[in-house]
1. Yes or no: region 158-174 includes at least one residue that is assigned to a helix (DSSP H, G or I) and closer than 27 Å to residue 43 by Cβ.
2. For residue 208, which of the numbered conditions (1) over 26 Å from residue 23 (Cα atoms); (2) open to solvent by 30 Å² or more (accessible area, probe 1.4 Å) fails to hold?
3. So which residues in region 183-221 are modelled with pLDDT of 90 or more, over 14 Å from residue 43 (Cβ atoms) and among the small types (Gly, Ala, Ser), if there are any at all?
4. For the structure I just gave you, tell me whether residue 108 is touching a helix residue (DSSP H, G or I) at 6+ places or on another chain (Cβ under 8 Å), farther than 21 Å from residue 181 by Cβ and either without any contact (Cβ under 8 Å) to a residue 40 or more places away in the chain or among the basic types (Lys, Arg) (or both).
5. Inside region 158-173, can you point out the residues that are open to solvent by less than 70 Å² (accessible area, probe 1.4 Å) and not charged (D, E, K, R)?
6. Consider only pairs whose beta carbons are under 6 Å apart and that are at least six residues apart or on different chains; among these, list those whose first residue lies in region 38-60 and is farther than 19 Å from residue 74 by Cβ and whose second residue is open to solvent by 10 Å² or more (accessible area, probe 1.4 Å) and among the charged types (D, E, K, R).
7. What pairs come out if I take residues in region 174-203 that are under 22 Å from residue 5 (Cα atoms) and open to solvent by 40 Å² or more (accessible area, probe 1.4 Å) and pair them with residues that are assigned to a helix (DSSP H, G or I) and not polar (S, T, N, Q) whose C-beta lies under 9 Å away, six or more apart or interchain?
Amino acid sequence: MDNLIEVSNITYQYHKGRKVFEDFSVQFDCRESTVITGKNGSGKTTLTKLIMGILKPQSGNIFIFGKNTKDLSLGQTGEMIGYVLQYPERQIFAASVMEELTFPLLFKGEKKEDILLKAEELIQIFELEKVRESYPFFLSYGEKRRLAIASVLMNNPRYLVLDEPTASLDKDRIRALSQVLNKLKGKNIGTLMITHDKNFIEAHGERIIQLEGGQIIKDEK
């Protein structure tokens with residue numbers, strides 16, 4: 001229970017839209033790296049948004065580390081699971097790259113010296129040195145994605161959910177991201193990734209789930 005995300009018999013239908021999931025169940029071990037694949041419209045991103053509480057199932061339950069998401073706020077879920085959206089600009093809000101990384105933890109009252117050291121480390125890892133004082137919305141798409149991932153990692157999440165993490169990243173930056181994920185794996189922090197990047201799947205897919213029409217058609221390790 002303490003290391004599991006449990007999706008139990010959920011049904012979800014978009015308002016005045018199609019039904020995505022019906023009596024759907026799956027479990028994720030938060031110590032391993034899981035990849036979700038499938039065609040557009042198969043339910044991949046919808047599933048991650050349901051896990052995060054951004055969307056609510058019409059029936060069924062989702063448990064994160066033994067806690068029902070019905071009893072959790074978005075903020076409480078976000079403190080346990082780091083979520084990087086498919087479109088990173090939707091989760092960027094600060095006036096500079098450095099502020100984006102440091103503000104949430106400063107707001108919580110954590111020690112400034114420790115926060116700045118961690119931010120500098122992530123700036124180096126994701127090669128954001130030249131844009132540290134830049135307005136995030138002026139960054140390239142790849143820079144925004146790297147910033148979004150770095151921002152999530154600032155919070156020391158117990159688990160990561162990454163929607164197309166390698167989109168718009170070149171080979172060197174994908175390699176840097178892989179190194180970060182491997183370090184987290186060494187700390188028993190797993191990931192749930194939506195990706196079509198075959199090399200990335202081969203490197204990080206301990207478990208591979210394929211969705212089609214809101215159903216699991218393949219689940220292999």
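The values are calculated or read from the model by the stated rules, or taken from the named source; none is laboratory data. As the structure is a prediction and not an experimental result, all values here were calculated from the model. Every residue, glycine among them, receives a Cβ derived from its backbone with ideal geometry; neighbour counts consider all protein chains shown. Just so you know, the surface numbers come from the protein's heavy atoms only, side chains and all, with ligands and any DNA or RNA stripped out. Shrake-Rupley method; radii C 1.70, N 1.55, O 1.52, S 1.80 Å.
1. Residues of region 158-174 assigned to a helix (DSSP H, G or I): 171-174.
Within this subset, residues satisfying the condition of being closer than 27 Å to residue 43 by Cβ are 174.
So far as region 158-174 goes, yes, one or more of its residues are assigned to a helix (DSSP H, G or I) and closer than 27 Å to residue 43 by Cβ.
2. (1)
3. Of everything in region 183-221, those that are modelled with pLDDT of 90 or more, over 14 Å from residue 43 (Cβ atoms) and among the small types (Gly, Ala, Ser) turn out to be 190, 203, 205.
4. Numbers: touching a helix residue (DSSP H, G or I) at 6+ places or on another chain (Cβ under 8 Å): no; farther than 21 Å from residue 181 by Cβ: yes; either without any contact (Cβ under 8 Å) to a residue 40 or more places away in the chain or among the basic types (Lys, Arg) (or both): yes.
No: the conditions fail for residue 108.
5. Hits for region 158-173 are 159, 160, 161, 162, 165, 166, 167, 169.
6. Cβ pairs passing all conditions: 38/44; 38/212; 42/212.
7. If the second residue must be assigned to a helix (DSSP H, G or I) and not polar (S, T, N, Q), the pairs left are 182/203; 182/204; 185/204.
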